[in-house]
Amino acid sequence: MNSFRTFVSQNELISLAEDFAYSLITKKHSSEYTYHNLDHTLRVSKKAFDLGKRQNLSAPELHDLIIAALFHDTGYYDSVNDHERIGAAYATDFLKKNAASTSCIEKVNHLILSTKITTSPETLLQETLCDADLNYLGATEFFTLVERLRLEWLLTGRKNFTEKAWIQQNIDFFELHTFYTPVAQQLFGHVKEENLNQMRKNLRALSISSSL
């Protein structure tokens, strides 16, 4: 059993939160959500735990961080644009029913809300969750994961990109994005730069091909 699974299994509230969040996602999820699914939630939860451990976060801090990670996209199938608020509401209802402390509920709410792309995190925990949520930018499997996101946007009617427009969209996002925590910068920064350089090469190749 890995350290993440051990941590979850040793904490009853986190175990219950995992079961509840997974059940909620399974019930509401549909096949067109090829990126925002159980795999994404589990990946973000594991990455949040790993980043937290590397930063020597306390057990209570890890507790709140992992619960927030489990719930951070549970509202996605209700509203793409407002899913953070809805996910925070799901988490609040669950935590209240399981007699969580007011402090825990407030921290989990703020953590989930901090993942909204237009929001800047204000605490180390919030920065850690945001870095975990976007860890795919610095992942070796980035191109596989980002194609799942592109397909999801197509299938859900959100947007249909040409190949060049899609690459440019991601290059623009990469150039604006910075991992917040030093540990995430160290872990993901090098591969992120490699992914960015590869996209630039792909875009140049498409531009040359289209001009012939």
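The values are calculated or read from the model by the stated rules, or taken from the named source; none is laboratory data. This one's a predicted model, so the numbers in the text were calculated from it and none came from an experiment. Note: ideal-geometry Cβ built from the backbone for every residue, glycine included; neighbour counts use all protein chains shown.
With respect to the conditions (1) surrounded by 15 or more Cβ atoms within 10 Å (Cβ to Cβ); (2) over 21 Å from Ser79 (Cβ atoms), Thr102 lacks only one, and its number is (1). If the condition is being small (Gly, Ala, Ser) and modelled with pLDDT of 95 or more, then the range 181-212 contributes Ala184, Gly189.
Does the range 51-72 contain any residue that is outside the structural domain of Thr181 (by TED's automatic domain parsing) and more than 26 Å from Val183 (Cα to Cα)? So far as the range 51-72 goes, no, none of its residues is outside the structural domain of Thr181 (by TED's automatic domain parsing) and more than 26 Å from Val183 (Cα to Cα). Per the listing Gln169, Gln185, the residue uniquely closer than 23 Å to His83 by Cα, surrounded by fewer than 19 Cβ atoms within 10 Å (Cβ to Cβ), of a type outside the set (Lys, Arg) and in contact with a Phe, Trp or Tyr (Cβ under 7 Å, 6 or more places away or on another chain) is Gln169. In this entry, Thr34 passes the filter for residues that are part of a loop (DSSP other than H, G, I, E, B), closer than 30 Å to Leu151 by Cα, outside the structural domain of Val183 (by TED's automatic domain parsing) and at pLDDT 95 or above.
When you look at Ala132, is it surrounded by 18 or more Cβ atoms within 10 Å (Cβ to Cβ), modelled with pLDDT of 95 or more and among the small types (Gly, Ala, Ser), yes or no? Yes: the conditions hold for Ala132. What residue, among those in the range 139-166 that are part of a loop (DSSP other than H, G, I, E, B) and either without any contact (Cβ under 8 Å) to a residue 12 or more places away in the chain or among the charged types (D, E, K, R) (or both), is nearest to Leu42 (Cα to Cα)? Once the filter is applied, the top-ranked residue is Glu141.
Among the residues in the range 67-84, are any touching a Ser or Thr at 6+ places or on another chain (Cβ under 7 Å), surrounded by 20 or more Cβ atoms within 10 Å (Cβ to Cβ) and of a type in the set (Val, Ile, Thr)? No, the range 67-84 contains no residue that is touching a Ser or Thr at 6+ places or on another chain (Cβ under 7 Å), surrounded by 20 or more Cβ atoms within 10 Å (Cβ to Cβ) and of a type in the set (Val, Ile, Thr).
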